[in-house]
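What follows is one structure encoded as structure tokens, with my remarks underneath.
Bear in mind these aren't lab numbers, they're just calculated from the coordinates by the rules spelled out. Note that the structure is predicted; figures quoted are calculated from it, not measured. Here the Cβ positions follow ideal geometry from the backbone for every residue, glycine too, while neighbour counts run over all protein chains shown.
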Amino acid sequence: MMRDTILRRAMPGIFALAAAFAVGGASSTAMAQEQEQYFGIPSSRVGPYSAMGTGYYGGIIDYLNYVNMKFGGVNGVKLTYDECETEYNAARTVECYQRLLNKGDQKMVVFDTLGTPGAYAVIGRMATDNVVLAQYGYGRTDAADGRVWPWVFNAAGHYWGQIAVKMNFMAQKEGGVDKMKGKTIVHLHIDTAYGREPIPAMREIAKEWGVKLIEIAVPPPGLEQQSQWLQIRREKADWVTFWGAGSGMNSTAITTAARVGFPREKMMYVTFGGAEEDMIPAGDAAKGTYVAANAAPGKFPLIQDIEKVVYGAGKGNMQNPQRVGTVYYNRGVGAAVMWVEALKNAQRIHNKTGKTVTGPEFRDGYEALDITDDKLKEIGILGMSAPFKMSCAKHDGSERFRMMQWDGTKFVLLTDWVPAPNPAFIRKLIEDSAEKYAKENNLPVRQCS
Amino acid sequence: MFYREAGQFRTSYAQDSQIFPLRQDRIGIAILLIAAVMLPFVTNNYWLSAILIPWLVLSLVALGQNILMGYAGQLSLGSAGFMAVGAFACYNLILRIEGIPFVIAVALSGVCAALVGIVFGLPSLRIRGLYLAVATLASQFFIVWALDKFPWFKNYDPAGVITAQPIIMFGHNFASPREKYWVVLAIVAVLALLAKNMARGSVGRGWMAVRDMDVAAEVMGLSLLRTKLQAFAISSFYCGVGGALFAFAYLQTVEPSAFGIDLSFRILFMVIIGGLGTIMGSFLGAGFILLMPIFLNIFFHTVFGKSVDATITSALEQVIFGAIIIMFLIFEPLGFARLWQLTKERLRLWPFRH
């Protein structure tokens, strides 16, 4: 009874303390003496997708710090950030979005959920809140139509372009598109919107090529795939496009494929399942797996400089500095480079050089992104990210990917940036889908040009 | 001193059987309700749309789960599935019936969920306890699978997600967080009042009789079939309405996997931590399970800021959250509602204890 009483006596105090902290935390105000640009970072550092979250958001934070440390910010504007843990969960992402939206008198200008579920959960709020949703190689594909989705961008490619590149790569390996006729492709995917995202484009291409497409879903979290791989075996699949999430699911696919004897050289991993963290747990079995990359791994000049400037000063965000230069890390750096370039554009377009920009100004800056090879070289990431140019209607960045293969210890880049074989075709699919969405939801369609 | 019943005499049956027999309680609840209605004028959008709306909605779902588990004693694990039924039913009703008012659509989606609940409640007549939990688990998986499998439910959206339509009633679009909050508050308040009355009326007594000993209840003339299915239907109705509100007032864009087994478990924890067989407990439990991780996250980020690796603090948050739950269950296995009840009992004596 004694300890009960103590706890009960302490309870009101604990609650009061908790409430005080919650209020204090939510309304913490930052005094801005100098010009600052605030970024909200909805990281996912725990749970099955933590390898992705720690690498990606670590890369973003490192680059923001790098810009501050090396150049003193963007034209003198310091980059600040606040983090919030989403656990890769849609409901928590909405909470984080609302929490990060305002910080003192500053407002978030860009949001990057690194995950399709989170992106879908907040996508409807962007236009009203004037925040850019920068889907760096994931998320809702038809958002590439800037007429319907002025606030959403698909830099670094989307899943429809990616699947087209992959199918083209298969055709190359088989010796031409005409050789693809009668082949069987299995799309093995996690049973979520993310896993189903490439299917519309895939079906169209398969129909055109005369390929038999079999869709097999794996219920999340996908740690048991025996029956699915036996089915793949039974169907005598020629290729498998794998759309998984989380290193547990991704490495399980490889080990199960090895167990049923499906050649890894016929497996193609999605960008968000193809990183070192997904291959290493599978051991030797992973050797030969193909992966599409929208940000190539490696120590590019910028990455080396980050190591020198940020890690040299002991300010690095990665717990394990060995991961600097891996797929997820580089992708995060690539995403942050686009933020900073967009910020530079926004300052230039709106004559606010050296000043904080607002959401609509940042949006204009992001839409004006024109990343050329020279630009990439200047930043130090030539070969890591693909060159691209956005416009009012075209909100997808590069539709180009590099194919790479796991050699047992690291990725070997096989190709340069490969575009989708028929971009007009993918574009048509995107516009049809976006128009359908606009009609169903009574959204205005912007006039471009 | 202030919280005493001395001098309050009940002179009629109506007075004796009212929900809040104590005048202080009536005043308190009136203040609470007025405060809840006025809250949007003093809080910002973050509190409304990221804290209060999901809290109210999940409280409603926890209430549904509590009716089934706490009052009727039927261990069930399918609440997120029934939420999914409600959410997708509401979407389809608004999509396919021109000009249907939102409240009607929500009520009907609750009815849809109730019908599904009755079907999955049928095994409860034969099996009990943990075995029933396993059987209801099937509903969870079946519903999410069916929603994924048949694209009609999602109006053939290629990505398999639905975008909740605007909330329109009486020709007005309830778009701002403030308006959405009021809609949610009104629905939750009415349903909570209904639940309270059911629980303390003959319906609830029937549930409790079945919970405590179903053979005895049957001997006394209660129809087990009716009582159990009634509990399943009402519980699923609450979950369905909650699911519709979760989709329309909170998430807005929903895919079936948002209503996964994780959510079912979280709702189960809300009920256990809040207090089985209490209305109040559903609200307190939902608040704890939903808000504690958020509070820990804010706490760590404000206190430690960027000086400690966020990966470590994120992991620590989960460790602490788990530890709090375990400690709480050791010290107060009957949940927050029991704590609340004890506080009230002490208040009656305060400041002159025995």
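Go through (1) more than 14 Å from chain A (Cβ to nearest Cβ); (2) without any contact (Cβ under 8 Å) to a residue 60 or more places away in the chain one by one and return the number of the condition B:V42 breaks.
(1)
For segment A:97-117, which residues satisfy the criterion of being more than 18 Å from A:H158 (Cβ to Cβ), in contact (Cβ under 8 Å) with a residue 12 or more places away in the chain and out of contact with any Leu (no Cβ under 6 Å at 6 or more places or on another chain)?
Across segment A:97-117, the qualifying residues are A:Y97, A:R99, A:L100, A:L101, A:K103, A:G104, A:D105, A:Q106, A:K107, A:V109.
Taking A:N442 as the residue in question, decide whether it is surrounded by fewer than 20 Cβ atoms within 10 Å (Cβ to Cβ) and either closer than 26 Å to A:L79 by Cα or within 14 Å of chain B (Cβ to nearest Cβ) (or both).
Considered against the rule, which asks whether it is surrounded by fewer than 20 Cβ atoms within 10 Å (Cβ to Cβ) and either closer than 26 Å to A:L79 by Cα or within 14 Å of chain B (Cβ to nearest Cβ) (or both), A:N442 comes out as yes.
Kindly list, by first and then second residue, each pair from a residue in segment B:316-334 that is at the interface with another protein chain (Cβ under 9 Å from one of its Cβ atoms) to a residue that is of a type in the set (S, T, Y) and surrounded by 15 or more Cβ atoms within 10 Å (Cβ to Cβ), limited to pairs with Cβ atoms under 8 Å and residues at least 6 apart or on different chains.
Listed pairs, sorted by first residue: none to list.
Residues of segment B:252-267 being part of a helix (DSSP H, G or I) and of a type in the set (S, T, Y), which ones?
B:S257, B:S264
Is it the case that some residue within segment B:167-176 is buried (at least 18 other Cβ atoms within 10 Å of the Cβ) and within 24 Å of B:I34 (Cα to Cα)?
Yes, segment B:167-176 contains at least one residue that is buried (at least 18 other Cβ atoms within 10 Å of the Cβ) and within 24 Å of B:I34 (Cα to Cα).
Limited to segment A:220-238, what total is found for residues that are charged (D, E, K, R), surrounded by fewer than 16 Cβ atoms within 10 Å (Cβ to Cβ) and not in a helix (DSSP H, G or I)?
So the count comes out to 3.
For segment A:85-188, list the helices (runs of 4 or more DSSP H) that sit wholly inside it and hold at least 3 residues that are under 18 Å from the mean Cα position of the chain (by Cα) and more than 9 Å from every other protein chain (Cβ to nearest Cβ); which are they?
Ranges flagged: A:159-174.
For segment A:407-444, which positions are assigned to a helix (DSSP H, G or I), within 21 Å of the chain's Cα centre (by Cα) and charged (D, E, K, R)?
If the condition is that a residue be assigned to a helix (DSSP H, G or I), within 21 Å of the chain's Cα centre (by Cα) and charged (D, E, K, R), then A:R427 is the only one that fits.
Take the residues of segment A:287-326 that are within 14 Å of chain B (Cβ to nearest Cβ) and without any contact (Cβ under 8 Å) to a residue 12 or more places away in the chain: which is farthest from A:W243 (Cα to Cα)?
A:G314
Please pick out the residue among B:F259, B:F295, B:F299, B:F283 that is within 11 Å of chain A (Cβ to nearest Cβ), buried (at least 22 other Cβ atoms within 10 Å of the Cβ) and aromatic (F, W, Y).
Being within 11 Å of chain A (Cβ to nearest Cβ), buried (at least 22 other Cβ atoms within 10 Å of the Cβ) and aromatic (F, W, Y) holds for just one of B:F259, B:F295, B:F299, B:F283, which is B:F259.
Could you list, in sequence order, the residues of segment A:48-75 that are surrounded by fewer than 17 Cβ atoms within 10 Å (Cβ to Cβ) and out of contact with any Lys or Arg (no Cβ under 9 Å at 6 or more places or on another chain)?
Scanning segment A:48-75 gives A:K70, A:F71.
Out of segment B:142-160, which residues are assigned to a loop (DSSP other than H, G, I, E, B), within 20 Å of A:V218 (Cα to Cα) and not hydrophobic (A, V, I, L, M, F, W, C)?
B:D157, B:P158, B:G160
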